[in-house]
Amino acid sequence: MDIAVGSGNPVKRRAVERATPDATVSAVAVESGVSEQPYGNDETIAGAVTRARRALESGDYELGVGIEGGVAAYPSGDGTGDDLYLIMWSAVTDGERVGRGAGPTFLLPDRIADRIRDGEELGPVMDDVLGTDDIAKNEGAAGAFTGGRITRADALESAVTAALAPFRSELY
């Protein structure tokens, strides 16, 4: 099976390869159609779906995969307002159907969340806080938040696997 992932990021390609070990995966840089820092589930899902469709349309592929990371506010549960979380969504399409799936969510530390609320993007903020360069192509924020127990590739692999469910199960 030939699959295109709508990103030039090697971590996203690796996540798709891990979720589809018997496939040939090509990385195709496409635009997401959403802001550089997607905010909320709706915008993040839209970016993943757009990437999946554009990846599929870029060549002779059986499936297109889109992966989009974003941030979303959720109630803190203690009445103090909303907390900001890292979220990740994947979409898979064969041109007719679209599967969608989410990866794990991670609470953003206050000092990082405050900067995101002020308009900065998560990747550069994480690089600044950690003194790293291009964390999004390495362990990702997920790796930093979990001490390496869940890397960005691990987290994205779970989102891709969830999005592939309609293509792997007769229940859909």
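The values are calculated or read from the model by the stated rules, or taken from the named source; none is laboratory data. These numbers were taken from a predicted model, which means no experiment stands behind them. In this analysis, Cβ positions are derived from the backbone assuming ideal geometry, glycine residues included, and neighbour counts consider all displayed protein chains. Calculation scope for accessible area: heavy atoms of the full protein, side chains included, ligands and nucleic acids excluded. Shrake-Rupley method; radii C 1.70, N 1.55, O 1.52, S 1.80 Å.
A count restricted to segment 63-91 and to residues that are within 17 Å of ILE45 (Cα to Cα) and touching a Pro at 6+ places or on another chain (Cβ under 8 Å) stands at 5.
Would you point out which residue out of ARG100, ARG117 is among the basic types (Lys, Arg) and farther than 24 Å from SER26 by Cα? Working first, answer last.
Details: ARG100 fails: farther than 24 Å from SER26 by Cα.
Selected residue: ARG117, the only one of ARG100, ARG117 that is among the basic types (Lys, Arg) and farther than 24 Å from SER26 by Cα.
Taken together, the residues in segment 131-172 that are closer than 17 Å to PHE106 by Cα, outside any loop (DSSP other than H, G, I, E, B) and aliphatic (A, V, I, L, M) amount to 9.
Select from segment 106-130 the residues that are part of a loop (DSSP other than H, G, I, E, B) and either among the charged types (D, E, K, R) or surrounded by 16 or more Cβ atoms within 10 Å (Cβ to Cβ) (or both) and list them in ascending order.
Step one: filter segment 106-130 for residues part of a loop (DSSP other than H, G, I, E, B), giving 108-109, 118-121.
LEU108, ASP118, GLU120, GLU121 - these are the residues of segment 106-130 that are part of a loop (DSSP other than H, G, I, E, B) and either among the charged types (D, E, K, R) or surrounded by 16 or more Cβ atoms within 10 Å (Cβ to Cβ) (or both).
Against the conditions (1) open to solvent by 70 Å² or more (accessible area, probe 1.4 Å); (2) farther than 30 Å from MET1 by Cα; (3) not in a loop (DSSP other than H, G, I, E, B), TYR85 satisfies every one except (1).
Cβ-Cβ contacts under 7 Å between residues 6 or more apart (or on different chains), taken from a first residue in segment 44-68 that is closer than 16 Å to GLU96 by Cα and hydroxyl-bearing (Ser, Thr, Tyr) to a second residue that is at pLDDT 95 or above and surrounded by fewer than 20 Cβ atoms within 10 Å (Cβ to Cβ), are listed as THR50/GLY33; TYR61/ASP2.
Out of segment 32-78, which residues are open to solvent by less than 30 Å² (accessible area, probe 1.4 Å), outside any helix (DSSP H, G or I) and within 21 Å of PRO124 (Cβ to Cβ)?
Step one: filter segment 32-78 for residues open to solvent by less than 30 Å² (accessible area, probe 1.4 Å), giving 32, 38, 40, 44, 47-49, 52, 55-56, 63-72.
Within this subset, residues satisfying the condition of being outside any helix (DSSP H, G or I) are 32, 38, 63-72.
If the condition is that a residue be open to solvent by less than 30 Å² (accessible area, probe 1.4 Å), outside any helix (DSSP H, G or I) and within 21 Å of PRO124 (Cβ to Cβ), then SER32, PRO38, ILE67, GLU68, GLY69, GLY70, VAL71, ALA72 are the ones that fit.
Scanning segment 152-171 for residues that are in contact with a Ser or Thr (Cβ under 8 Å, 6 or more places away or on another chain), among the aliphatic types (A, V, I, L, M) and surrounded by fewer than 21 Cβ atoms within 10 Å (Cβ to Cβ) turns up at least one hit. For the subset of segment 131-151 comprising residues that are of a type outside the set (Gly, Ala, Ser) and open to solvent by less than 70 Å² (accessible area, probe 1.4 Å), which member is modelled with the lowest pLDDT? Checked segment 131-151; the qualifying residue modelled with the lowest pLDDT is ILE135.
Got a sec? Which of SER32, SER58, SER26 is modelled with pLDDT of 95 or more and under 14 Å from SER90 (Cα atoms)?
Working: SER58 fails: under 14 Å from SER90 (Cα atoms); SER26 fails: under 14 Å from SER90 (Cα atoms).
Of the residues listed, the single one that is modelled with pLDDT of 95 or more and under 14 Å from SER90 (Cα atoms) is SER32.
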